[in-house]
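Engineer: One structure coming up, written as structure tokens, with questions to follow.
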Amino acid sequence: MTREISALVFDAYGTLFDVHSVTRLAESLFPGRGAEVSRTWRTKQLEYTWLRSLMDSYEDFQRVTAASLEWSLESLGLEADEAARRSLVAEYRRLKAYPEAAAALDTLARQRPLAIFSNGHPEMLEAVVEHNNLRNLFRGGVLSVHGAKVFKPHPSTYRIVEDRLGVPRSMVGFISSNGWDAAGARTFGFQVFWVNRAKAPVERLGVRPDAIVADLTELVELLK
């Protein structure tokens, strides 16, 4: 079903780590509004990465995450002091991995080198990987767009993977739960496996993923 793959590269947020695990803290700060805060925040966070790329006005992901939280709280009519906002942003260093992630990664790591490639700031990524005890599984490293000063899905970001791993793009298997990221990676030339956790339609961006799976367990079965 797939062409030869020399390395598997995973997006982080929404693919390996559940961004909505911030809901618990948000709910404790804003009773009855936690899920709404998480959804609004994530939507605005992504929007700001795209806008900053278009504006050629890069700020690192930590700052984007803080700014998008600030906007989200104001838009929802919620007030939070600086300490509360800092605690919410810090949750991105402690996001929970999806339940099947550790076992799936352990199996896949025995077959090919694994890496992470994310919009996240390097320190944020290292922290969340360590928090979930997954660091030893990523022989290819934990890679960030930070050095490129632009966010995915800009094509220059995906080139970081090619350069750092020394693997031709056609032999990279890229895994993301974000449809826009899957489209960007496929356009660049990676083999793309879309983890469609949300059961969303394929983005209408002129390309399709090579395969669609519901979760990482299905990915393991597909790549046997």
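Engineer: More than 25 Å from Ser57 (Cα to Cα) and buried (at least 16 other Cβ atoms within 10 Å of the Cβ), is that true of Ala182? Show your work before the answer.
Structural biologist: On the way: more than 25 Å from Ser57 (Cα to Cα): no; buried (at least 16 other Cβ atoms within 10 Å of the Cβ): yes.
No, not satisfied.
Engineer: Something else now. Can Val167 be described as among the β-branched types (Val, Ile, Thr), closer than 18 Å to Leu105 by Cβ and surrounded by 18 or more Cβ atoms within 10 Å (Cβ to Cβ)?
Structural biologist: no
Engineer: Based on this model, can you work out whether Ala66 counts as within 20 Å of the chain's Cα centre (by Cα), of a type in the set (Gly, Ala, Ser) and at pLDDT 95 or above?
Structural biologist: The answer is yes for Ala66.
Engineer: Listed residues Gly140, Gly147; which is without any contact (Cβ under 8 Å) to a residue 60 or more places away in the chain, more than 14 Å from the chain's Cα centre (by Cα) and not assigned by TED's automatic domain parsing to the domain that holds Leu29?
Structural biologist: Gly147
Engineer: Kindly indicate whether Arg110 is surrounded by fewer than 16 Cβ atoms within 10 Å (Cβ to Cβ) and outside the structural domain of Arg33 (by TED's automatic domain parsing).
Structural biologist: Judged against the criteria, Arg110 is a match.
Engineer: Next question, about the same structure. Looking at the range 190-215 only, could you name the residues that are free of Cβ contacts under 8 Å to residues at least 24 places away in the same chain and either more than 21 Å from Ser156 (Cα to Cα) or buried (at least 16 other Cβ atoms within 10 Å of the Cβ) (or both)? Outline the logic, then answer.
Structural biologist: Kept after step one, since they are free of Cβ contacts under 8 Å to residues at least 24 places away in the same chain, are these residues of the range 190-215: 192, 194, 196, 198-202, 204, 206, 208, 212-214.
If the condition is that a residue be free of Cβ contacts under 8 Å to residues at least 24 places away in the same chain and either more than 21 Å from Ser156 (Cα to Cα) or buried (at least 16 other Cβ atoms within 10 Å of the Cβ) (or both), then Val192, Trp194, Asn196, Ala198, Lys199, Ala200, Pro201, Val202, Arg204, Ile212, Val213, Ala214 are the ones that fit.
Engineer: Would you please list the contacts, defined by Cβ atoms under 8 Å and residues six or more apart or on different chains, that run from a residue in the range 29-49 that is more than 19 Å from Leu95 (Cα to Cα) to a residue that is among the polar types (S, T, N, Q) and in a helix (DSSP H, G or I)?
Structural biologist: These pairs meet every condition: Glu47/Ser68; Tyr48/Ser68.
Engineer: Tally the residues that are in contact with a Phe, Trp or Tyr (Cβ under 9 Å, 6 or more places away or on another chain) and of a type outside the set (Val, Ile, Thr), restricting the search to the range 184-199.
Structural biologist: Going through the range 184-199 one residue at a time, the tally reaches 9.
Engineer: Only helices (runs of 4 or more DSSP H) wholly contained in the range 15-118 count here; list those with 1 or more residues that are of a type in the set (Ser, Thr, Tyr) and over 30 Å from Val213 (Cα atoms).
Structural biologist: Passing ranges, in order: 23-29, 61-75, 82-90.
Engineer: Count, please, the residues in the range 134-162 that happen to be under 15 Å from Asp60 (Cβ atoms) and among the acidic types (Asp, Glu).
Structural biologist: Within the range 134-162, residues that are under 15 Å from Asp60 (Cβ atoms) and among the acidic types (Asp, Glu) number 0.
The values are calculated or read from the model by the stated rules, or taken from the named source; none is laboratory data. Owing to the predicted nature of the structure, the values given are computational and were not obtained by experimental measurement. We place every Cβ from the backbone using ideal geometry, glycine too, and count neighbours over all the protein chains shown.
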